[in-house]
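Student: The structure that follows is given in the form of structure tokens.
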Amino acid sequence: MTVETKLPYDKDYITQFSSDRNEPEWMQVLRLQALEQVDVLEMPKPDKTKIGKWNFSRFKHAAKGDEITSLTELPAEIQDFLDPDNLPENLFIQRNQSVAYATMSEKLKQRGVIFTDIFTALTEHEDLVKRYYMKDAVSIDEHRLTALHVALMNGGIFVYIPKNVQVEEPLQAIFWQEDPEVALFNHVLVVAEENSSLTYVENYISHNDEEETISNVITEVIAQNGAKISFGGVDNFAAGTTNYMNRRGIAYRDATIDWALGQMNDGHTVFENATHLVGDNSSAESKAVVVGRGKQIENFTTKSVHFGKDTHGHILQHGVMKEKATSIFNAIGKIEHGATRSNAEQESRVLMLSEKARGDANPILLIDEDDVTAGHAASVGRVDPMQLYYLMSRGITQTEAERLVIHGFLAPVVSKLPIASVREQLTKIIERKVY
Amino acid sequence: MNVVIHLKKYKLVLGGIGMAGSTLEIKNLHVQIEGKKILKGVDLTIKGGEFHAVMGPNGTGKSTLASAIMGHPKYEITEGSVHLDGEDVLEMEVDERARAGLFLGMQYPSEISGVTTSDFLRSSINARREEGDEIPLMKFIKEMDSTLDYLEIDKNMAQRYLNEGFSGGEKKRNEILQLLLLKPEIAILDEIDSGLDIDALKVVSKGINKLRDENFGCLIITHYQRLLNYITPDHVHVMMQGRIVKSGGPELAQRLEAEGYEWIKDELGIEDETVGQNA
């Protein structure tokens with residue numbers, strides 16, 4: 001790659017950064033190893049999108065954020081993610097790279113649930129973090145951005161559900177990038193032990209329409225045998241942020257991971273959401289909605305990789321593109337040899353709202369086993385004039401009719417978000433982005 | 001302040017002294033689709049209080065008439081006029097036609113994924129009201145529920161996506177549900193009876209008859225007489241070759257039921273009644 005990525009952050013800086021946070025030695029070693037690889041590894045090559053000229057090197061790395069004593073101190077657009085009449089018992093708010101607010105119910109504490117920032121987890125739950133951090137899901141050396149992530153990781157959360165614990169109330173995390181120039185190298189590590197279950201919902205938000213920075217987010221989600229994880233996310237980084245968002249799940253025997261992800265970033269984005277169905281009879285639903293606008297370029301890859309027998313992967317991506325936005329949607333169902341009786345289904349649909357918007361849906365099935373079922377559907381099109389005619393024939397204006405059709409188009413994912421206030425907030429963001 | 005409501009009050013007063021509701025006046029209407037001429041001069045006037053039936057074999061232009069009046073994007077009007085109470089309907093957008101008081105019960109209603117029937121109904125009702133004067137939610141639910149009951153529709157339908165996965169009968173009942181909730185001045189019902197079993201036909205007819213009063217005009221398009229056993233038309237028109245070729249009272253429909261269309265063709269010297277021929 002020809003792109004200039006000489007980092008302003010060297011070995012001494014990283015050592016100091018790690019020491020300041022009292023990180024265990026192995027973590028510091030891992031960071032320095034990763035830093036060495038940054039210069040060696042190539043940039044990722046998302047299919048059909050050239051990212052060579054994107055900004056991945058201009059950013060500030062560290063910034064503190066003050067604690068808040070009351071949620072009313074939050075900006076309105078963040079408060080919207082919360083229902084004031086029904087505040088979550090389990091809420092975590094990260095402001096820049098500091099914990100601004102954190103609460104968890106006594107019940108969950110007593111049952112051994114961990115819901116804490118990644119730095120605290122590194123000291124208080126070192127063995128658990130060490131067991132899973134960049135091990136089973138994502139590897140350091142996949143490409144330059146994974147290595148860069150490990151070298152510069154500066155925020156994140158650790159969620160851990162012990163064996164047989166069912167968490168009914170959702171866990172909600174908000175990552176608020178208040179400083180417009182600071183990059184977020186966020187690491188989310190979610191581990192559900194055998195036969196446990198949880199619902200986790202996260203929101204990313206920033207306001208830097210002018211200032212340039214980056215986000216480099218790696219999320220590792222581990223579902224041990226029989227575990228059930230419902231994972232919701234709304235990403236809403238502002239136009240100045242170039243985003244690398246990687247969410248990856250590992251599902252062991254009889255485990256389920258369901259994703260509902262609202263991709264509302266305004267900047268260039270490389271998005272990857274893969275689930276490795278390692279254990280027999282494991283399954284994943286991977287749903288994502290996207291609204292692209294302006295001159296945004298985005299690349300979305302949603303993937304299910306079937307290793308175990310009788311595994312089920314279902315991918316659904318719906319995107320709306322307006323103005324001059326460009327998006328590539330890759331949906332990949334990969335069935336490995338031996339994954340008999342597995343089923344890989346996928347659907348990608350793109351709705352174009354302007355002549356200059358571009359969208360491309362690439363259905364990909366890679367199958368190395370005979371005894372399987374697989375299906376795909378992909379379409380790129382405009383709002384159906386017959387649908388508009390029908391709605392308008394009842395007196396609904398064209399603008400309102402289009403709004404209804406677009407909401408309907410995005411509903412299969414929006415309706416799956418597990419927290420009502422987050423669902424409503426996503427609807428508002430969609431409203432703002434589309435009109 | 002609220003023009004629409006004042007207008008309705010005004011009409012009620014007029015109704016009280018013997019004047020009917022709206023008038024839809026179609027004159028010499030010529031319509032083509034993708035260059036093919038379908039309607040070749042239709043004249044028809046429907047007044048409040050009147051029920052008209054347009055009958056005829058398949059392919060004679062009946063549905064084109066309905067779609068053209070509503071403003072279907074594929075149909076092009078090449079000649080003639082349509083006026084509603086003197087207002088030029090053909091100059092209006094589709095949604096304006098609806099708000100002016102027209103309604104089309106469609107033969108093939110669109111399916112709209114992700115939009116619940118209930119949300120759609122509420123948007124449709126609110127589209128007719130001024131901003132800030134939206135129908136209160138509870139009032140809407142009450143009206144919708146009682147209408148669902150009246151039409152013997154499962155209440156779950158309100159929460160299903162609009163027409164998505166509906167059976168043919170459910171779609172038709174849904175059209176009548178909209179008709180009853182939107183209360184138009186003039187309704188056009190395009191093959192509202194097709195694909196209905198006898199029980200559904202009775203329910204649909206009950207719904208249409210409910211609106212029957214001097215302020216409501218209706219144009220029923222059908223090629224079966226059986227719907228007219230339940231809804232007695234005041235006027236019956238027969239369409240062939242893209243024109244109305246014969247008009248009469250309810251007895252005309254009965255004769256068509258008994259004898260078919262051949263006698264009309266013989267009487268008028270028509271060999272092929274469809275629009276493809278004899279322009």
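Nothing in this text is a laboratory measurement; each read-out follows from the coordinates by a stated rule. Everything numeric in this text was worked out from a predicted model, so none of it was measured. FYI the Cβ positions are ideal-geometry reconstructions off the backbone, even for glycines, and counts take in every protein chain you see.
Student: Report ³J(HN,Hα) in whole Hz for each residue of segment B:25-41, in order, from the Karplus equation J = 6.51 cos²θ - 1.76 cosθ + 1.60 where θ = phi - 60°; Gly and Pro get x.
Tutor: These are the phi-based 3J(HN,Hα) values: 10, 9, 10, 6, 6, 10, 9, 10, 10, 6, x, 9, 6, 10, 8, 10, x Hz.
Student: Starting from the Cα of residue B:266, step 7 Å along the direction of its Cβ; do the same at residue A:19; then give the gap between the two resulting points in nm.
Tutor: 11.1 nm
Student: When you look at the Cβ of every residue in B:94-107, what mean number of other chain Cβ atoms sits within 10 Å?
Tutor: Average per residue, whole number: 4.
Student: Using +1 at the C-beta of Lys and Arg and -1 at the C-beta of Asp and Glu, which of B:90, A:304, A:414 has the Cα lying farthest in the positive direction of the dipole of the protein assembly as shown?
Tutor: B:90
Student: How high is the relative contact order of chain A, in percent, with contacts defined as C-alpha pairs under 8 Å that are six or more residues apart?
Tutor: 11 percent
Student: Right, here's the next one. Could you give the distance between the Cα centres of segment A:313-350 and segment B:169-186, to the whole Å?
Tutor: 38 Å
Student: How big is the dipole moment of segment A:37-382 about its Cα centre under a simple scheme where the beta carbon of each Lys and Arg is +1, that of each Asp and Glu is -1, and everything else is neutral? Debye, nearest 20, please.
Tutor: 840 debye
Student: Given the peptides A:273-279, A:419-425, B:125-131, A:223-229, arrange them by the average over their residues of other C-beta atoms within 10 Å, most packed first.
Tutor: Packing proxy ranking, top to bottom: A:273-279, A:223-229, A:419-425, B:125-131.
Student: Within segment B:174-244, which chymotrypsin sites (Phe, Trp or Tyr not before Pro) sit in a loop by DSSP and count at most 11 neighbouring Cβ atoms inside 10 Å?
Tutor: Qualifying residues, ordered by number: none.
Student: When ranked by the protection proxy of mean other Cβ atoms within 10 Å per residue, highest first, what sequence do the peptides A:162-171, A:377-386 form?
Tutor: A:162-171, A:377-386
Student: Out of residues 5 or more away from residue A:191 or on other chains, whose amide H comes under 5 Å of its own, with H placed 1.01 Å from N in the peptide plane?
Tutor: A:159, A:160, A:161, A:222
Student: Return the sequence-ordered ³J(HN,Hα) values of segment A:134-145 in whole Hz as given by the Karplus equation 6.51 cos²θ - 1.76 cosθ + 1.60 applied to θ = phi - 60°, using x for Gly and Pro.
Tutor: 6, 10, 7, 9, 10, 9, 4, 9, 5, 6, 4, 6
Student: For peptide B:115-122, how many partner chain Cβ atoms fall within 10 Å of a residue's Cβ, on average?
Tutor: Partner Cβ neighbours, averaged per residue: 3.
Student: Something else about it: Could you list the trypsin sites (Lys or Arg not before Pro) in segment A:42-101 that lie in coil according to DSSP, counting only those with at most 13 other Cβ atoms within 10 Å of their Cβ?
Tutor: The qualifying sites are A:48, A:50, A:53, A:64.
Student: Next question. Does segment A:67-198 come out rounded, prolate or oblate, given a ≥ b ≥ c as the square roots of the eigenvalues of its C-alpha gyration tensor, rounded meaning a/c under 1.5 and, failing that, prolate meaning a/b above b/c?
Tutor: Oblate shape, in that a/c is at least 1.5 and b/c is the bigger or equal ratio.
Student: Also: Taking R0 as 45 Å, what's the FRET efficiency between residue B:76 and residue A:356 from their Cβ-Cβ distance, rounded to 0.05?
Tutor: The calculated FRET efficiency here is 0.95.
Student: Once every DSSP H run of n ≥ 4 in the protein assembly as shown is given -39500 (n - 2.57) and the sum is divided by its residues, what mean residue ellipticity at 222 nm do you get, rounded to the nearest 500 deg cm²/dmol?
Tutor: Using -39500 (n - 2.57) per qualifying helix, the result is -8000 deg cm²/dmol.
Student: Using only atoms on other chains, find how many Cβ atoms lie within 10 Å of each Cβ of peptide B:160-169 and report the average.
Tutor: 1
Student: Turning to a different aspect of this structure: Taking a quarter of the surface of the Cα convex hull of the protein assembly as shown, what do you get in nm²?
Tutor: Computed as one quarter of the Cα hull surface, the answer is 36.4 nm².
Student: Under 16 Å from a label point 7 Å along Cα→Cβ of residue B:25: give me every residue in segment B:78-122 with its amide N that close.
Tutor: B:80-91
Student: Given Cβ point charges of +1 (Lys, Arg) and -1 (Asp, Glu) and nothing else, what value in debye, to the nearest 20, does the dipole of chain B about its Cα centre take?
Tutor: 480 debye
Student: Right, here's the next one. Using alpha-carbon positions, what is the distance between the centroids of segment A:69-134 and segment B:215-278, in Å?
Tutor: One Cα centre to the other: 72 Å.
Student: Apply 1/(1 + (r/R0)^6) to the Cβ-Cβ distance of residue A:12 and residue A:209, taking R0 = 25 Å, and write down the FRET efficiency to the nearest 0.05.
Tutor: The calculated FRET efficiency here is 0.15.
Student: So, with +1 on the Cβ of K and R and -1 on the Cβ of D and E, and no other charges, what is the size of the charge dipole of the protein assembly as shown about its Cα centre, to the nearest 20 debye?
Tutor: With only Lys, Arg, Asp and Glu charged at Cβ, the dipole is about 620 debye.
Student: Mind giving me the nanometre distance, one decimal, between the label points for residue A:45 and residue A:26, set 7 Å out from Cα along Cα→Cβ?
Tutor: Going from the residue A:45 label point to the residue A:26 one covers 3.4 nm.
Student: For the pair residue A:110 and residue A:169, how long in nm is the line joining their label points, each one 7 Å along Cα→Cβ?
Tutor: Label-label distance for residue A:110 and residue A:169, simple model: 1.3 nm.
Student: May I ask you to evaluate 6.51 cos²θ - 1.76 cosθ + 1.60, the Karplus curve with θ = phi - 60°, for each residue of segment A:231-242 and list the ³J(HN,Hα) values in order in whole Hz, giving x for glycine and proline?
Tutor: 10, x, x, 10, 9, 9, 6, 6, 4, x, 9, 8
Student: Which lysines, on any chain, are close to residue A:295 with Cα under 17 Å apart, when same-chain ones fewer than 8 places away are left out?
Tutor: A:48, A:50, A:53, A:322, A:324, A:356, A:433
Student: When ranked by the protection proxy of mean other Cβ atoms within 10 Å per residue, highest first, what sequence do the peptides B:71-77, B:154-160 form?
Tutor: B:71-77, B:154-160
Student: Can you list the equivalent-ellipsoid semi-axes of chain B, largest first and in whole Å, using the square root of 5 times each Cα gyration tensor eigenvalue?
Tutor: 31, 22, 19
Student: Find which of B:224, B:69, B:187 sits farthest along the positive direction of the dipole of chain B, computed with +1 on the beta-carbon of Lys and Arg, -1 on that of Asp and Glu, about the Cα centre.
Tutor: So the residue furthest toward the plus end is B:187.
Student: Right, next: Angle between the Cα long axis of helix B:198-210 and the longest principal axis of chain B, 0 to 90 degrees, nearest 10?
Tutor: In chain B, helix B:198-210 runs at an angle near 70 degrees to the longest axis.
Student: Hey, what D do you get for segment A:37-382 in µm²/s if you plug the Kirkwood alpha-carbon radius into Stokes-Einstein at 10 °C and 1.306 mPa s?
Tutor: 78 µm²/s
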